[in-house]
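First comes the structure, then the notes that go with it.
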Amino acid sequence: MPDDANRNVPKSHRFRKQGFSFERLIRYFFASNAGLTIVILVLIIVFLLKEGLGFFPGYRRELETYRIAGLEFVDISRKNLTAHEQLVSLLNRAYYAEINGRSYQQLRRSEEAAALFNAYTDQTGPTKELILNSTQEGQEAQPAMLAVLRENYEKQRAKALANLPATPHLSAKEREEIISALRTRTPQATDDPALVTRLAEELASTQARHAEPLQAFRATIDSFESASADLGSAIMEMTESVTSTKEALQNADILEKDRRTLLAAANNVDDPAEREKLLAEAKAALAEKPDTETPMASLMERKPDCIRLHEELAKSSAAILPQLPKSLAQGEADRLLRTAKKAWPVFLSDLSAAPAKISSWTHTTPVPLSAAVVSFLTGRDWITGGEWQDFYGILPLATGSLMIALVALTIAIPVGIGSAIYVNQFASPREQAIVKPVIEFIQAIPSVVLGFIGILVFGTVLRELSVMDSLQWVPGFPIEERLNIFTAGCLLALMSIPTIFSLAEDALNNVPSAYAEASEALGASGIQTTFRVIIPAAFSGILAAVLLGLGRVIGETMVVLLVAGNRIKIPDFSAGFGVFFQPSHTLTGIIAQELGEVPLGSVHYRALFVVGILLFVVVLGINATAHRFVNRATK
Amino acid sequence: MFDPEKLIRKGRPKGHIKEVLIRSLLAGTTYLIVLIAVLLFTRIIVDGAPAILSPKFPFVDLEFLTAKNETLHVFDDAQGTRHQLAASAYSRYVAEHQGENLYNEQTFSYSGGGIAGPIVGTALLTIGSILLALFFGVSAAIYLAEYAKQSPFIHAVRLAILNLAGIPSIVFGLFGFSVFVLAVPVLTSDPSDRSLLVIPLMIGNYAISFQGWNSSLMAGCATLACMILPVIITASEESLRAVPQGFRDASLAMGGTRWQTIRKCVLPYSLPGILTSSLLAITRVAGETAPIMFTAAVAAKDDLPWEGLSNPFGILSSQVQALPYHIYTLAARIPSSEYTQRAQYGSVLVFLILVATLSIVSMVLRARIRRKLKW
Amino acid sequence: MKSITTILATAAMISMAGAQTLSIKGSDTLGAKLIPQLAEAFKAAGNKGVKFEIAAEGSTTAFPALANGTAQIGMSSRKVKDDERTFCKTKGVYIKEHPICHDMLVVIVNKNCPVSNLTKAQISKIFTGQIKDWSEIGGTPGKISIYTRNTSSGTYKDWQKLAMGGRDYPSTSLKMAGNEQIAQEVAKNKNGIGYVGLAYSKTPGTKALSIDGIQPVAQNAKTYAYSRLCYLYAPDKPTPEAAAFMEFIESSAGQAIVQKVGFIPN
């Protein structure tokens, strides 16, 4: 190159000297810019690690505080109390499901009548207020103005009456009665229409009638519910003492940090008076080590008490089980009752295991660093900013991300690859000229716009679909939340289709035309050629397309932040396919939602960076695999 | 008798129906996407058009595009007429109608006025980041296409480009936050406590302090530039390589140096291609939300970035509103009702039109360049 | 590499420039509606020169921003915690508290929900996940959907203290970015329940519940179970703009806006 070309020019020659230095400079300039990519990548890794790695020691310290302050001890009992509460809730729900199931007709009728009335008040509310206001303050209730207001009111009333909801459980006469009551209703009226009240009363009396035969069940539930009262109050008392210990520990940690900052500041100051001042402040900030032993000792004294309470609860719970009714008449009620009965032995065994756990627990067991790592990777709770204890468990977030990706790819793979095959193999040039730009354009839609569409349009449409009677066979319908895994998955599918489409189409394009020609020469039909020759030849390219689509779905933020529902919980897989209609949270979403809000350098802040590292590693892994496939395809 | 006719299969071949079925199934999925895309746009256009169209000439509601973002006040006056006024108009109204009672007053944040702030913010972010990325990206591409030989360095560069291209945008957000917002050096007389490193200069009280640029236009541009750098490099390298080798050979043969060759014989011919593909990068930059959430964007700002600044560079260190972040705020923070619809769908429509125009222009230009430049 | 250093150095020079903006950060309860309207009124009252930047991501964001000097005023719907105050002190910022208004946390349900009154005990049980179905408290059968604020919110923590006895939210709760979003979801979900500031309790499609028979209206601020104060925090030596703005809020014109937006003036 230039250096070689200039070899014959004498060393001292002006031409060479100039060319040499200037050209070299330019070359280095360009090379340094190319090196910038490496610098950026290294910076990304370094800073993610710098902020993230501090997480594990910090989290370990938090877990240690959790143990030393005795929160962990309280949680042993708390867990059983929560289980007890869940059982009570199950029984309660069974009880009410039984009553409501028996009074189904009255329930629906009362509900529909109320819905009619609500629709009316909603529509006419503002204009009604206006009339009331003008007559109330009525220093000068001008008749002309009042007439205008009344006219508006009538207009709204007519509009409301034209758009009333359907009432399949009310007879035509009853509906007419309510409507006529509404038609003549004055703006000043405050009581409900007569029929609405009557139906509500009817419902109440039916419910009371059906509650009669269940009195024994009610009494059983009540006695079960009160069985944990002592344990509950014991936990309350312990909670108070341990939280104050924890606060003292945390404050000491903060003061210690302050002291160090002040000392560091003092070291940097030259002015002796200023340094004296800072040193004095540092000395004042020297926290005495908070006393954890005394409260801990009194907590340990409670051990026998706790064990006794657990045993009592176990005894009374075991006695309750045979008192429960064998079965209930209503399907839903019976299901709940059976669930409760199934959970009972687990609950009892947990209770009987508790005393051993309580007596063997000590606050002196050290918390190793590995505990923090394990708790992060396998923790089922991501609880932050709470009053009790923060936990950073990645599982609920990772499950959410994976399930959304699963939904998205289930839709996007067949559609994306199918249309790539169609466009590449069968479509006329004119069709290609329509389809390709459209898909390219979908790719250009910013993700926040898709999220916007999801939150304002798609979610609502999905909920409306899910309550339609003709669609009740779909598992999970009717859905509880309009923002859920499925909603997010559908929108992400739309995002990843263009990626999968264009990459798969490229892969199909790269198959040498000789393959197709040979196949056709042997008499294969178009479909045979496509599916037996072209697709196998392009297979690894298509696989790469799918993987890159996966990478895009996992790394996408705005859609899932807006549309996934943000419930930090591992979805309930016992719901079958309905699990896809539950809300969830994601790895990307949690960073976007919480990073702006956490104090710099806190454990929570670092936890988000660790999530970022995880994302980085996972997505790069997926992409690297994809590129390996691409390379294989082009070889 | 030998009848050649017999050898020719008559009628439809075996499996014809299957073939047609498969074909139409594939066609079905393809047109399903097209249909969904069309439905989406129709919905947004139908709901958003009232916000940005007006019945009078020039048929575009300029106010929505040029007014600042404000709170929307909705109220009835004593005559029962409903008013929808942005905050500044509202305070004028109240001043004019003193002593009158207003009824059923409701307020909707971010829904009044227009979206000038977000549009300007997005434009600044886009221009800034594209300029940065073009400068560094094209230089890097020149090195890769014109100078580079096989070497470990080049291998590492290519690997870095490939990896950078795959990093999720939220990770770029984290990176931008921890580097540009919190760690890059600034020249200051009053270093912050969180500074990583302070290098005192001998001039006055000044020191270089690694304390970051805070959440600012600058930090946002830098983050976005890092994100699209790989796109720009790849596209530019492709355009540079598309220039025939003969051009370079001819120039070198005439005694031109390598730099002269690049400047006079390669860059001019590849520039259209580079600029076209950078248009695509613009659409991506304009649409990204996650990287600017923590580095540049702010939900409410009542002035345009350049207003009320003591010096012209202050614009770089101020936070800006941005269209995608504004849409996020509109979707997540305010209720959807008949009064907020204008702001919500209007902003989305404006944003989509912007992105669509950019991508259509880039598509057309790309097609033209392909047709025109054939060596 | 030279070019990078040059650019960084230039950028560094540039970033010295400070604009005289009034940056306000913190609580969504205050920052989504009240403070922007106060700011608009403040400007309308003749302070055209002040530039506002308002970010309402949650009360927790107020104190780091004050400490770092990225905000001149912090909004908070709860009192500052000791460790936050200490944190600010370590950065040389001594923050001062300005209570600006009262607020009530209102429990809202869908308008079609027949329940209109709940006891404190019931509220606590619902939000801690002990009551899971509306039928348990006399509503139409259906699984209760709990909408809460996100974790950085002062309201999130206040509610935990005021209504839930310090216990954790159940993992089934949905974390929403702001009051408006809670109200919107509750309006769309007939089994939804959530809590919002008083100013947001009039959202169409929702219904405010009485607690122990006391309606959540401004007159009942003294007797209602879930009342609280809202604060602005500023350094003890505020910038002139911040001081003027704070004075405006405490003036009668400012307090009139406070009332109009739906908070309870001091």
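Just so it is clear, none of the values below were taken in a lab; they were calculated from the coordinates. Computed from a predicted model, the values in this text were never measured in an experiment. Using ideal geometry, Cβ is built from the backbone for each residue, glycine included, and neighbour counts are taken over all protein chains shown.
Of note:
- The orientation-averaged shadow of the Cα convex hull for segment B:49-186, equal to a quarter of the hull surface, comes to 15.5 nm².
- The mean number of Cβ atoms from other chains found within 10 Å of a Cβ in peptide B:17-29 is 5, as a whole number.
- Working ranking of peptides A:397-403, C:89-95 by packing, defined as the average number of other Cβ atoms within 10 Å per residue, highest first, is A:397-403, C:89-95.
- Total charge dipole magnitude, chain A, about the Cα centre, Cβ charges on Lys, Arg, Asp, Glu only, Debye to nearest 20: 2340 debye
- Measuring nothing but how far apart in sequence close Cα pairs (under 8 Å, 6+ apart) lie, relative to its length, chain A scores a relative contact order of 17 percent.
- Rounded Å value of the spacing that divides the Cα centres of segment A:344-406 and segment B:16-77: 47 Å
- Mean per-residue shielding of peptide B:102-111 is 5, counting Cβ atoms of other chains within 10 Å of each Cβ.
- Relative packing of A:602-610, C:254-262, which averages over residues the other C-beta atoms within 10 Å, highest first: A:602-610, C:254-262
- Of A:F30, C:T203, A:A172, farthest towards positive along the dipole that unit charges on Lys, Arg, Asp, Glu beta carbons give the protein assembly as shown: A:F30
- The mean number of partner chain beta-carbon atoms within 10 angstrom of a residue's beta-carbon across peptide C:135-142 is 5.
- Three-way shape label, chain A, alpha-carbon gyration tensor, a/c 1.5: oblate
- Relative packing of peptides B:126-132, B:61-67 - highest average C-beta neighbours within 10 Å first: B:126-132, B:61-67
- Volume of the convex hull of the protein assembly as shown (Cα atoms only), normalised per residue: 246 Å³.
- Alpha-carbon centroid distance for the pair segment C:106-169 / segment A:62-111, whole angstrom: 13 Å
- Residues in segment A:80-107 reached by a label modelled at A:S327 [backbone nitrogen below 18 Å; 7 Å Cα→Cβ]: A:94-95, A:97-99, A:101-102
- Residues in segment B:338-375 that a label on A:N509 would reach, taking backbone N under 19 Å of a point 7 Å out along Cα→Cβ: B:359-375
- If you plug the beta carbon distance of B:A165 and A:L49 into 1/(1 + (r/R0)^6) with R0 = 22 Å, you get a FRET efficiency near 0.55.
- Dividing the Cα radius of gyration of segment C:103-220 by 2.2 N^0.38 Å, with N the residue count, gives 0.93.
- Per residue, the average separation of C-alpha pairs within less than 8 Å and at least 6 apart gives chain C a relative contact order of 27 percent.
- For segment B:69-113, the direction-averaged projected area of the alpha-carbon convex hull comes to 2.7 nm².
- Per-residue ellipticity at 222 nm, computed for chain C from helices alone with -39500 (n - 2.57) per DSSP H run of at least four residues, works out to -10000 deg cm²/dmol.
- FRET efficiency, 1/(1 + (r/R0)^6) with R0 45 Å, evaluated for B:E238 and B:M202 via beta carbons: 0.40
- With only Cα atoms counted, segment C:210-266 has Rg and Dmax values of 14.7, 46 Å.
- Förster radius 22 Å - calculated FRET efficiency between B:E338 and B:L39, Cβ distance, rounded to 0.05: 0.50
- Compactness relative to 2.2 N^0.38 Å, alpha carbon Rg of segment A:100-220: 1.39
- Contact order for segment A:397-634, expressed relative to its length and based on alpha carbon pairs under 8 Å spaced 6+ residues apart, stands at 30 percent.
- Taking the inverse of the mean reciprocal distance over all distinct Cα pairs, the Kirkwood hydrodynamic radius of chain B comes to 25.3 Å.
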